[in-house]
Amino acid sequence: MQNLQTKLLYALQSEASTECDRYVRESPQFYSEGTFSIYQFRETLKQTSQAYDSSAMVESEPAIRQLLRLDFEPKIDRTIRQVFRQTINQTIKTNLIPMAKQMADNILQKYDVARENLKQTLEQEAKEKIAYNQQLTQKLKSDGIIYNQAVTNINSCLEAMEINGHDLPLVNIID
């Protein structure tokens, strides 16, 4: 099970890494002629290149971030709504289902051995219970014999004292 978890985690991380790699690169539409993003990008670069110090670059950072956000957000939206779910499902199908089938086969192969072990365990427990019950039965029989001897002696005393009709009953001992 640990192996299965490790492989699945690795596959999911790999897929996520692939998706993240797509975000790093700008989409081809970002540089298409006639788009607002390329026009804005050129204007930002033009403003940056006109200055000779780093302050122009620092001032351009928000505009560049906004441009990248315009490219980045649709890619994330597409990934969340379409690509990643399909990718994860495919990863699970290609990795998890074969491993689950293999685990099921392993379990089924061990079924007969487990069944035999259970049978032996139950037989051993049954033998132990039977032996214990036989001990209890023997003790009960010996206690019954002792009781019957005591009752017989008491009944003999009662008869010797001529108190008839008040005999104590004996216990039936079944073999």
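Some notes on this structure:
- Summary of packing: across the peptides 116-123, 68-75, the per-residue average of other C-beta atoms within 10 Å ranks them, highest first, as 68-75, 116-123.
- Each label was represented as a point 7 Å from its Cα along the Cα-to-Cβ direction; for ILE76 and ILE88 these points are 1.6 nm apart.
- Nearby aspartates and glutamates by direct alpha-carbon distance to LYS139 (threshold 13 angstrom, same-chain neighbours under 8 apart not counted): ASP175
- Over 27 Å [Cα-Cα, the chain], rounded percent: 69
- Sum of -39500 (n - 2.57) over DSSP H runs of 4+, divided by residues of the chain (222 nm, nearest 500): -27500 deg cm²/dmol
- Residue of VAL58, VAL113, VAL151 that the Gaussian network model of the chain assigns the largest fluctuation, springs spanning Cα pairs under 10 Å: VAL151
- All Cα-Cα distances of region 51-91, cut into 10 Å bins from zero to the largest, leave 26, 28, 21, 15, 8, 1 percent in each bin in turn.
- Angle in degrees between helix 36-50 and the longest Cα principal axis of the chain, rounded to the nearest 10: 60
Coordinate-derived values only; no laboratory data. Quick caveat, the model's predicted, so the values are computed rather than measured. With ideal geometry, Cβ positions are generated from the backbone for all residues, glycine too; neighbour counts draw on all protein chains shown.
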